[in-house]
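One structure below.
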Amino acid sequence: MESGRRTVAELVAGRWGDHRPGLWCEDRTLTHHEVAAGAAARAALLADLLPPDAEPHVGVLLDNTPEYPLWLGAAALAGAAVAGVNPTRRGPELARDILHTECRILVTERTHLPLLDGLALPDTVRVLVTGTEEYDTLLAPYRDAVPDASRRTPGDRLLLYFTSGSTGAPKAAVCSQGRLAAAGRSLADRFGVRPDDVHYVCMPMFHGNAVIADWAPALAAGAGVALRRRFSASRFLADVRAYNATYFTYVGRAVQYILATGERDDDRDNPLRTGFGTEAGAADAAAFERRFGVRLVEGYGSSEGGAAVQWSPGTPPGAVGRAEPGLVVLDPETRRECPPAVFDAAGRLLNGDRAIGELVNRAPNPFEGYWRNPRADAERLRDGWYWTGDLFCRDADGYLYFAGRSDDRLRVDGENLAAAMIENILARYDGADAVAVYAAEDPVTGDQVMAAVAGDFDPAGFAEFLLAQPDLGTKMAPRFVRVVERMPVTATNKIHRALLRREGVRCADPVWWRPPGEPAYRRLTPEDLEGPLVSPRGPSYVRRQGLEPRTR
């Protein structure tokens, strides 16, 4: 373990002279030495291409190819920063990401060139297309460069990675070399990563998960890295075996996609020791371990670095880990600590309406801010505390349970509800392969609960199921149920809640609803959507009840 390294540049340079295989992607293999040499060559090129008066920012619009870690290493050696550009963004949104992060160089590949057609990028942005003769010619004079980390400091900016916020334009979080190197060392120590290990990077590298939780600990330990250009559930096990991978990270529904592939008698015949990620869910984690013999460790860390929770032996099922000093769950309105969560013998949360609040770090933290976004900085840092924007509850023993994003909070008839808690209940429904809960706006009640369900939906059976759930509060039962063939997800395999909220009840999928005062679900019809019945308690309901609508 290279515990003395303080910068990513030192970690990259430390692999010079290491001729073990270190990077795999499809049919290409590079040694650790070749990776360090490739990073040094690109760093030297970068030093000559970047104007002296420009921010040293490089936009990287690539799939998970060897060029991605090479440019990360190059930026570290050159004292530059990589802005990970999401290839699922389009048009003005894509241009905005590149321009907002002030990238003067954009590294991309042929497959993504159509994304740049018609994009309003200024001439000051130079585009480098990897895998072309022009690119190879440009690099040729720098092939003999030697990595030099002597001028780099832990405070040098290294990453500008966009957080996947559900409202407004994505914010570019800043990560320094020191913070990334420290995160890599911490995770390598935590999981006992050895130089002969191989980390399988199948999550997109434009996202913090792949770089911070997968690439960085491998770099810190001198372990190998195997890349999958884009996540593939059907190729997951074959890749793991081909690369002899021992560790991988996941986000969102990736684990469910893997579990949905056909089972085989030899599924447990694989070299994996650990999977580390978020949002797999206790049931899927248990199913993954039964099937593949691999324990999934659920972790929590805000993308911006302001708070983290680590799993440890003895952590109860469903919990992320024990709260470190300074981590508290606060009611965002009163700013007082929420009461401890109370669970029944089956692990069901009984007081979610009072126990769920926002996770806040009142201790010193390494949050380094957002790029050119003081408003977002101020939203995160209030009263000198770091507000994560994530909902949790905390039991009497100090263990924390994730309850969703604060954006996913619903307010029904004046009562605050957490979407994740309702999802955990609805996930028990036998017909559900996947569930997402979100708000359908209502002019009278504030919100109505809406659920998207993938799987076999029987309206009568679902209504009976709801009545049998002892921890389903009176305001939690979905007013609307959207039945989808496949849950919409983002580029990082998280459920696309913003899209679901935006489409609401006016969507292409079948929607079932339970009108006020009726016990059963029925299909929402075009007639229901006309005029006053757009809202479940719209103007016609208001008139019948002799009420006046209120605004939120």
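The values are calculated or read from the model by the stated rules, or taken from the named source; none is laboratory data. Keep in mind that what you see is a predicted model, and the values were worked out from it rather than measured. So basically every Cβ, Gly included, is an ideal-geometry build from the backbone, and we count neighbours across all protein chains shown.
Values as computed for the structure displayed
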item: Pairs, first within 21 Å of Val201 (Cα to Cα) in region 8-23, second of a type in the set (S, T, N, Q) and buried (at least 22 other Cβ atoms within 10 Å of the Cβ), C-beta under 6 Å, six or more apart; result: Val8/Gln177
item: Test: residue in region 154-176 that is in contact with a Phe, Trp or Tyr (Cβ under 6 Å, 6 or more places away or on another chain), more than 16 Å from Phe276 (Cα to Cα) and not in a strand (DSSP E or B); result: yes
item: Residue check for Arg375: free of Cβ contacts under 8 Å to residues at least 40 places away in the same chain and either surrounded by fewer than 21 Cβ atoms within 10 Å (Cβ to Cβ) or among the aliphatic types (A, V, I, L, M) (or both); result: yes
item: Extreme residue, nearest to Arg253 (Cα to Cα), among residues of region 435-452 that are in contact with a strand residue (DSSP E or B) (Cβ under 8 Å, 6 or more places away or on another chain) and surrounded by fewer than 19 Cβ atoms within 10 Å (Cβ to Cβ); result: Glu441
item: Restricting region 380-395 to residues that are out of contact with any Gly (no Cβ under 8 Å at 6 or more places or on another chain) and of a type in the set (D, E, K, R), the residue that is modelled with the lowest pLDDT; result: Asp383
item: Residue count for region 184-196, restricted to those that are in contact (Cβ under 8 Å) with a residue 40 or more places away in the chain and either within 19 Å of the chain's Cα centre (by Cα) or part of a helix (DSSP H, G or I) (or both); result: 6
item: Unmet requirement for Gly517, which otherwise passes all of (1) modelled with pLDDT of 85 or more; (2) surrounded by fewer than 17 Cβ atoms within 10 Å (Cβ to Cβ); (3) under 24 Å from Asp353 (Cβ atoms); (4) out of contact with any helix residue (DSSP H, G or I) (no Cβ under 6 Å at 6 or more places or on another chain); result: (1)
item: Flag if Gly455 is in contact with a strand residue (DSSP E or B) (Cβ under 9 Å, 6 or more places away or on another chain), surrounded by fewer than 20 Cβ atoms within 10 Å (Cβ to Cβ), more than 30 Å from Arg380 (Cα to Cα) and outside the structural domain of Asn86 (by TED's automatic domain parsing); result: yes
item: Within region 1-19, tally of residues that are modelled with pLDDT of 95 or more, of a type outside the set (Phe, Trp, Tyr), touching a Pro at 6+ places or on another chain (Cβ under 8 Å) and farther than 18 Å from Val107 by Cβ; result: 3
item: Test result for Glu263, of a type outside the set (Val, Ile, Thr), more than 22 Å from the chain's Cα centre (by Cα) and assigned to a loop (DSSP other than H, G, I, E, B); result: yes
item: Positions within region 100-147 being within 28 Å of the chain's Cα centre (by Cα), under 17 Å from Pro69 (Cα atoms) and touching a residue at least 24 places away in the same chain (Cβ under 8 Å), in sequence order; result: Ile105, Leu106, Val107, Thr108, Glu109, Thr130
item: Residue ID - farthest from Ala283 (Cα to Cα), chosen from residues in region 430-453 that are at pLDDT below 95 and of a type in the set (Gly, Ala, Ser); result: Gly446
item: Hey, Leu359 surrounded by 21 or more Cβ atoms within 10 Å (Cβ to Cβ), in contact with a strand residue (DSSP E or B) (Cβ under 7 Å, 6 or more places away or on another chain) and of a type in the set (A, V, I, L, M) or not; result: yes
item: Test: residue in region 279-289 that is part of a helix (DSSP H, G or I) and modelled with pLDDT of 95 or more; result: yes
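Rundown of residues vs (1) at pLDDT 95 or above; (2) outside the structural domain of Tyr68 (by TED's automatic domain parsing); (3) among the aliphatic types (A, V, I, L, M), yes/no style:
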site: Gly84; (1), (2), (3): yes, no, no
site: Arg89; (1), (2), (3): no, no, no
site: Thr101; (1), (2), (3): yes, no, no
site: Ile105; (1), (2), (3): yes, no, yes
site: Ala120; (1), (2), (3): no, no, yes
site: Val127; (1), (2), (3): yes, no, yes
site: Leu138; (1), (2), (3): yes, no, yes
site: Asp144; (1), (2), (3): yes, no, no
